[in-house]
Amino acid sequence: MKILVAVKRVIDHNVRLRVRPDGSGVETAGVRMSMNPFCKNAMEEAARLKQAGTADEVVAVSIGPAKANDVLLTALAMGADRAILIETDAEVETLGVARLLKAVVEEEKPDLILMGKQAVDGDNNHTGQMLAGLLDWPQATFASAVAIEDGSVRVMREVDYGQSEHLLPLPAVVTADLRLNTPRNTALPAVMAARKKPLAVRPVAEFGVDIAPRLVVEKVEPPPPRPEGTALGSLDELVLTVRTLASGEALS
Amino acid sequence: MSVLVLADHDLAKLSDATARAVSAAGQLGGAVHVLVAGSGIADVAAEAAAIAGIAKVLVADSETLADAPVEALTALIETLIGDYTHVLGIAGAVGRDVLPRLAARRGIQPVTDITTILAPDRFVRPVYAGNAFETVQSAQDTQILSVRASSFAPAGEGGAAEIVSVSVPETAGLARFVAAHRTESDAPDLQTASIVVSGGVALGSRENFRMIEELAALLGAAVGATRAAVDAGYAPNDWQVGQTGKVVAPDLYIGIGISGALQHQAGMLGAKKIVAINTDAEAPLMKLADFAYLGDLFEAVPALIAALKG
Ligand SMILES: Cc1cc2nc3c(=O)[nH]c(=O)nc-3n(C[C@H](O)[C@H](O)[C@H](O)COP(=O)(O)OP(=O)(O)OC[C@H]3O[C@@H](n4cnc5c(N)ncnc54)[C@H](O)[C@@H]3O)c2cc1C
Ligand SMILES: Nc1ncnc2c1ncn2[C@@H]1O[C@H](COP(=O)(O)O)[C@@H](O)[C@H]1O
């Protein structure tokens, strides 16, 4: 079985975000970047399937600037066999990403595509569903457990009412939630070995796919500030405050 | 202009979020139709028809739609979409599953998790876990949108929309639904509750977390949890509030033993009033709160429960 994993390079989730004062976007200069957390869960799952002998090849793909090869090196260190960087400096919307990934799928013909459920930059939660739709493949989003059973993948999904269980014939697209697994930390030997694995860099134009943006981002703003709080000095005050707020009365 | 709203329901009852999606749709202008898709859903359709401001309720009643299968739902909406300028869903598990798939098949870039509608083609949505808000303009002929239910007030009642049935395409899809594992709870719906009581990993056990549930019950509140509390097994996954959980905007949010990581704040920053209980005055949620109680939750929560019972 062959697995394709899509990984995105985003601002590290521990970074204190700064919105540019001119509203043109968030500050990315000099900011630490890393693999999107949900993509790490997807990559970890693929690595485990490979280690278990269920998968025989794992290919990682990323769409982004030349620097995005760092997240592909992480993917290779985690266990991918080879990697593809589709290089572009443009911001590609989710429709464009899905179209590019479809082109990769047509070349690579994977049996299973593992992706993150959302990228923590745009928080879109689109691309896996879009790719599955373009391919006419079944999809299982927000996966918290994945098991391969002859020709199918059984997936537990985290949904609004709890969990739902599905059986998808392969090929299929599965998007990872954080509870799917705990991604490994890559040790130095794995990182060194990753540098010897194949990493193909291909310009986006090679794919001849329409990735022109459909949306205009007019401005990006920080959230409105919240008013100063009040410290409650005693349990009595806490009880009174909760009672009053819960009854819908205003506290002076 | 005409808007197709995807109703959210559990086959028995319409969710509170649907009336909120209808009010969002009303802001787009034009006729609002609501699609109720499922199996044995005549009562749900009747509930939808009573929401004010709807011209028509479309009912797609078929056994193949019972478990909200994404492939069949997508195929169904594809047969209807030609009549509409906007398709609008709720940013919940079903809307998030279906809308992007539908959009890609139509060559449309969707705009999701909308918190403000500025115009039929201009929307505000949070990015970076709610640390920034972007205003986007979309010149596409058909818009595929999802809204955060908690950001819109519910539409009123007293409507009497026409109910029409629509045919369901044959394609059931390839995936097979195996089972639903539902969290049993009498608490109100988290996403639309007016009070939310949430507990963090500081509760220390599933048993102790029941204190949070008891306090919530006394207040008529929904129960929330942090990712750390869910990961530890103290609370079910559908109670998680945050960037990757549910987004709430209650009148009152009580956060107990919660540090208030940015990813948690992403799910509750819209609360009107926040009360925090924590032993660490420096915890981000204590700084954010309108009312911060510095102290041990194992004293504060029993005291609250006793007072509310008394
Ligand atoms: C991509 C990503 C997405 C995430 N999404 C979410 C999400 O959706 N929701 C979410 O919640 N988290 C999310 N997280 C995790 C988040 O970063 C935090 O780790 C998590 O919210 C912490 O949970 P907590 O507050 O329960 O635990 P902690 O951060 O450990 O905080 C526990 C708090 O309890 C206090 N405390 C301890 N003992 C007591 C006591 N006796 N009485 C009172 N207070 C006490 C402590 O002072 C501390 O402030 C996400 C993380 C990532 C990377
Ligand atoms: N530029 C990209 N390169 C590779 N994978 C991506 C890219 N953008 C999105 N993805 C994949 O799609 C998932 C969901 O992203 P999104 O739809 O942007 O929230 C991510 O977790 C990745 O697996």
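The values are calculated or read from the model by the stated rules, or taken from the named source; none is laboratory data. The shown structure was predicted, so the numbers you read here are calculated from the model rather than taken from an experiment. When we count neighbours, we look across all protein chains shown, and the Cβ atoms used for this are built from the backbone with ideal geometry, even at glycine. Calculation scope for accessible area: heavy atoms of the full protein, side chains included, ligands and nucleic acids excluded. Shrake-Rupley method; radii C 1.70, N 1.55, O 1.52, S 1.80 Å.
Numbers below:
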{"read-out": "Rounded percent of accessible protein surface that carbon and sulfur make up, the protein assembly as shown, 1.4 Å probe", "value": "51 percent"}
{"read-out": "Reachable aspartates and glutamates from B:Lys56, criterion Cα separation under 20 angstrom, eight or more residues apart if same chain", "value": "B:Asp8, B:Asp16, B:Asp43, B:Glu47, B:Glu78, B:Asp83, B:Glu157, B:Glu162"}
{"read-out": "At 0.890 mPa s and 25 °C, Stokes D of the range A:50-140 from Kirkwood alpha-carbon radius, µm² per second", "value": "176 µm²/s"}
{"read-out": "Farthest positive-ward along the protein assembly as shown dipole, Cα basis, beta-carbon charges - from B:Gln191, B:Ala119, A:Gly53", "value": "A:Gly53"}
{"read-out": "Rule-of-thumb Rg ratio for chain A [Cα; 2.2 N^0.38 Å; N residues]", "value": "1.19"}
{"read-out": "Charge dipole magnitude, Cβ of K and R +1, D and E -1 - the protein assembly as shown, Cα centre, debye nearest 20", "value": "1360 debye"}
{"read-out": "Degrees, to the nearest 10: B:70-80 long Cα axis against longest axis of chain B", "value": "40 degrees"}
{"read-out": "Positive-end residue, the protein assembly as shown charge dipole about Cα centroid, Cβ charges, pick of B:Asn237, B:Leu14, A:Asn41", "value": "A:Asn41"}
{"read-out": "Accessible area that becomes buried as A packs against B, both chains, 1.4 Å probe, Å², nearest 100", "value": "6600 Å²"}
{"read-out": "Estimated distance in nm for a label pair at B:Glu299 and A:Val191, the labels positioned 7 Å out from Cα along Cα-to-Cβ", "value": "4.6 nm"}
{"read-out": "Degrees, to the nearest 10: A:235-246 long Cα axis against longest axis of chain A", "value": "70 degrees"}
{"read-out": "Estimated D of chain B in µm² per second, where Rh is the Kirkwood radius over Cα pairs and Stokes-Einstein applies at 10 °C, 1.306 mPa s", "value": "78 µm²/s"}
{"read-out": "Descending semi-axes in whole angstrom, ellipsoid equivalent of the range B:116-243, from the Cα gyration tensor", "value": "33, 22, 19"}
{"read-out": "Label-to-label distance, nm, for residues given as B:Ala139 and A:Ala212 (7 Å Cα→Cβ offset)", "value": "0.9 nm"}
{"read-out": "Computed FRET value (nearest 0.05) for A:Ala231 with B:Asn208, which takes r as the C-beta separation and R₀ as 30 Å", "value": "0.75"}
{"read-out": "Normalised per residue, the volume of the convex hull around the Cα set of the protein assembly as shown (Å³)", "value": "153 Å³"}
{"read-out": "Partner chain coverage, peptide B:188-197 - average Cβ within 10 angstrom", "value": "1"}
{"read-out": "Amide hydrogen neighbours beyond the local backbone of B:Ser39, cut-off 5 Å, H modeled", "value": "B:Ser62"}
{"read-out": "For B:270-278, mean number of other protein chain Cβ atoms within 10 Å", "value": "3"}
{"read-out": "Percent of Cα-Cα distances greater than 19 Å, calculated over the range A:120-252", "value": "75 percent"}
{"read-out": "Net charge, B:Met1 excluded, C-beta distance under 12 Å - Lys, Arg +1, Asp, Glu -1", "value": "-3"}
